[in-house]
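Presented below is the structure to which this report refers.
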Amino acid sequence: MDLLLEIEDRFALAGQGLALTPDLSRPHSEDGESYSVLVERPDGSSLTAKARVRLVHFRLVGYKLVLFLAESHEDEIPVGSKVWKL
């Protein structure tokens, strides 16, 4: 498994799912990639989810590669969780 990121923040975007920060770096991820991930919560519990990488424009900071969990909610994914690519 490859560690994609440790979640510093997350927020829901209508029609897109749960966006996770920090953003992903190239060349490890590319716009449009989809894969299964394991989310390891700080309490030791975990869940699997479908993830999608999107190139998103954020005002003032330009474009970023953002990992979205389309079927997850903020209350399921706490800050400090680790996201592993399966």
Spacing of the two label points (7 Å from each Cα toward its C-beta) at L13 and R41, in nm
2.5
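Residue separation times 0.36 nm, minus the C-alpha to C-alpha distance between L3 and S25: what's the value?
Details: separation 22, 0.36 × 22 = 7.92 nm, distance 1.23 nm.
Net length gain for the segment: 6.7 nm.
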Over the chain, what lengths in whole Å, largest first, do the semi-axes of the equivalent ellipsoid take, defined as the square roots of 5 times the eigenvalues of the alpha-carbon gyration tensor?
19, 14, 12
If you roll a 1.4 angstrom probe over the protein chains with everything in place, what fraction of the accessible area of the chain belongs to carbon and sulfur, to the nearest %?
48
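Can you tell me the accessible area per residue over the chain, all protein chains present, probe 1.4 angstrom, in square angstrom?
Working: 5250 Å² over 86 residues.
Accessible area per residue: 61 Å².
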Cross-link reach from K82 to aspartates and glutamates, straight Cα distance under 20 Å and at least 8 residues apart if same chain, gives D2, E6, E8, D9, D23, E30, E33, E40, D43, E71, E74
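The values are calculated or read from the model by the stated rules, or taken from the named source; none is laboratory data. This one's a predicted model, so the numbers in the text were calculated from it and none came from an experiment. Neighbour counts run over all protein chains shown; Cβ positions are idealised from the backbone, glycine included. What goes into the accessible areas is simple: the full protein's heavy atoms, side chains included, and nothing from ligands, DNA or RNA. Shrake-Rupley method; radii C 1.70, N 1.55, O 1.52, S 1.80 Å.
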